[in-house]
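The values are calculated or read from the model by the stated rules, or taken from the named source; none is laboratory data. Just so it is clear, the model here is predicted, and its values are computed rather than measured. Don't worry about glycine lacking a Cβ; one is built from the backbone with ideal geometry, like all the others, and counts go over all protein chains shown. For the accessible areas, the whole protein counts, side chains as well, though only heavy atoms, and no ligand, DNA or RNA atoms are used. Shrake-Rupley method; radii C 1.70, N 1.55, O 1.52, S 1.80 Å.
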Amino acid sequence: MIGTIVNTCTIIIGSIVGAIMHRGIQKKYKDTLYTVLGLACIGIGLNAVVTNFGKSEYPVLFVVSIAVGSVIGTALDIDGRFTNLVNKRSKTTSNLADGLSTAILLYCIGPLAMLGPVISALKGDNTFLYTNATLDLVTSTIFASTYGIWMILAAPILFCWQGMFYLVAKISSTAISDALMAELLIIGGLMIVASGLSLLKLKDCKTLNMLPSLLIPVLWFLIQALMA
């Protein structure tokens, strides 16, 4: 777990440094950072989709997952509830909910963040996590310089997310297959693209409503294993 702990700490440090910078940045520069973050999200998300699409064993599964998951998320109003909660905590910071949700997706959805804890658990190799920690240090600084200190809330979420992968890999080395990981990365990539569109104010995709989509491939592969 040392790699996950280091990764979590870099987000905390980056958020603090960025929050200090936040006070001295003029609005026009913050607007520029919004645009940069939006474009970066689209690029990162598309890369995840394109890279993993060829590895998918069920090319239609991600479509079904996004559709079913988004309907479930919309019914539960995950995005609305999250936005209301964040707004109650920090009424002075505009677009904080969008920034925090986007940061969480960028920190948690990706090969380094998801494969890292698995490799750490199985082989004791933290290289992926240390690399991801370096990237997250820079990213968290930029996010906090734009949205403020509340971006630090993404740190415990990352810890729980990576901790889940670590524990599952420890319990069963076959539970997280390459095929399942590919499906999760495709869906996660699309969610990151959706966040980028929201940051660029092109389309409010209510990305958090898509979160249940990540559970659909897990259930599918679980059913496949039970029927085998």
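What to note about this one:
- Checking Gln26 against (1) open to solvent by less than 80 Å² (accessible area, probe 1.4 Å); (2) out of contact with any Lys or Arg (no Cβ under 8 Å at 6 or more places or on another chain), the condition it does not meet: (1)
- Residue in the stretch 22-40 that is among the acidic types (Asp, Glu) and within 18 Å of Lys201 (Cα to Cα) present: yes
- Some residue of the stretch 61-71 being within 16 Å of the chain's Cα centre (by Cα) and farther than 21 Å from Ile216 by Cβ: no
- Candidate set: the stretch 7-23, residues that are modelled with pLDDT under 85 and open to solvent by 70 Å² or more (accessible area, probe 1.4 Å); chosen: the one nearest to Ile104 (Cα to Cα): Met21
- Set Leu214, Leu208: member being open to solvent by 10 Å² or more (accessible area, probe 1.4 Å), closer than 13 Å to Ala67 by Cα and either in a helix (DSSP H, G or I) or of a type outside the set (D, E, K, R) (or both): Leu214
- The helices (runs of 4 or more DSSP H) located wholly in the stretch 110-204 that include 3 or more residues which are modelled with pLDDT of 85 or more and either closer than 29 Å to Pro59 by Cα or in contact with an Asp or Glu (Cβ under 9 Å, 6 or more places away or on another chain) (or both) occupy 111-123, 154-171, 178-199.
- Only one of the listed residues (Ile25, Ile16, Ile72) is assigned to a loop (DSSP other than H, G, I, E, B) and over 23 Å from Asp178 (Cα atoms). That residue is Ile25.
- Sole residue being surrounded by 17 or more Cβ atoms within 10 Å (Cβ to Cβ) and of a type in the set (Val, Ile, Thr), chosen from Thr35, Thr51, Thr74, Thr4: Thr4
- In the stretch 174-206, the qualifying residues are those that are touching a residue at least 24 places away in the same chain (Cβ under 8 Å) and among the acidic types (Asp, Glu), and the one that is farthest from Val36 (Cα to Cα) is Asp178.
- Residues of the stretch 153-199 that turn out to be surrounded by 19 or more Cβ atoms within 10 Å (Cβ to Cβ) and over 17 Å from Pro111 (Cα atoms), as a count: 7
- Criterion violated by Lys91 - all others in (1) modelled with pLDDT of 85 or more; (2) of a type outside the set (A, V, I, L, M, F, W, C); (3) more than 18 Å from Leu167 (Cβ to Cβ) satisfied: (1)
- With respect to the stated conditions, Leu85 fails to be open to solvent by less than 50 Å² (accessible area, probe 1.4 Å), assigned to a helix (DSSP H, G or I) and without any contact (Cβ under 8 Å) to a residue 24 or more places away in the chain.
- Remark: Tyr130 matches the filter, which requires a residue to be in contact (Cβ under 8 Å) with a residue 40 or more places away in the chain, farther than 25 Å from Tyr34 by Cβ and more than 14 Å from the chain's Cα centre (by Cα).
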